[in-house]
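What follows is a single structure, written as structure tokens, with notes after it.
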Amino acid sequence: SENNIPNSFNVLDIGCAEGILGFLLEKDGITTYGIDPSESMIRFAIDELSLPKERYKHGEYCYESYEDNSFDVITSYHVIEHTIDPMKFLINAKMHLKKHGLLFISTPSCKLSFEQFNLTGESPNYTPLHLFLLSEDWFKEVIEKNGFHLVWKESFAGKGISKAGEKNGGMNYVLSKK
């Protein structure tokens, strides 16, 4: 094809919301899959953006089954912190990625290792919907242990500020399956 992407290139967007990423990639001939816990978002992706209903699911990623080694890329933008088991999330992603496949993760971060959210609201990334705030140290430890290689990471600053005056923010990671 004109864009130099192989015909069998598959992308899974975890937490796809209304399917905008999938819609844009499909226009370039890339086969996309999406999953989101919001039924109305998936309905929008299928009904309004005409994304294929057999590839766009309502559900939780950790409890859905996909074929092993079936995706070249998995994206997860601000999802892992909402999962009950972030480690299972990464193990599943590794299982579903093809060899040398890429996992893109963007998540709020914290300074403490595997800190559960701070009920007092003192954490700048606090929200009751964040089950975990994952530190750079946590990612560093589990990346290698789970058969990933760190390709790239970057911190980002958010716009919010905690009661303690600490600015929120997070990390973007690109991991490669070994």
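Points worth noting:
- Extending 7 Å from Cα along the Cβ direction at VAL142 and again at LEU21 yields two label points whose distance is 1.8 nm.
- TYR63 accessible area, 1.4 Å probe, all protein chains in place, Å² to nearest 10: 150
- If you model region 8-102 as an ellipsoid using its alpha carbon gyration tensor, with each semi-axis the square root of five times an eigenvalue, the axes come out at 20, 17, 10 Å, biggest first.
- Of LYS98/LYS177; LYS27/LYS98; LYS57/LYS153, pairs whose Cα-Cα distance is over 19 Å: LYS27/LYS98; LYS57/LYS153
The values are calculated or read from the model by the stated rules, or taken from the named source; none is laboratory data. From a predicted model like this one, the values you see are computed outputs, not experimental measurements. Because the Cβ atoms are built from the backbone with ideal geometry, glycine has one as well, and the counts that use them run over all protein chains shown. These accessible areas exclude ligands, DNA and RNA; they are computed on the full protein's heavy atoms, side chains included. Shrake-Rupley method; radii C 1.70, N 1.55, O 1.52, S 1.80 Å.
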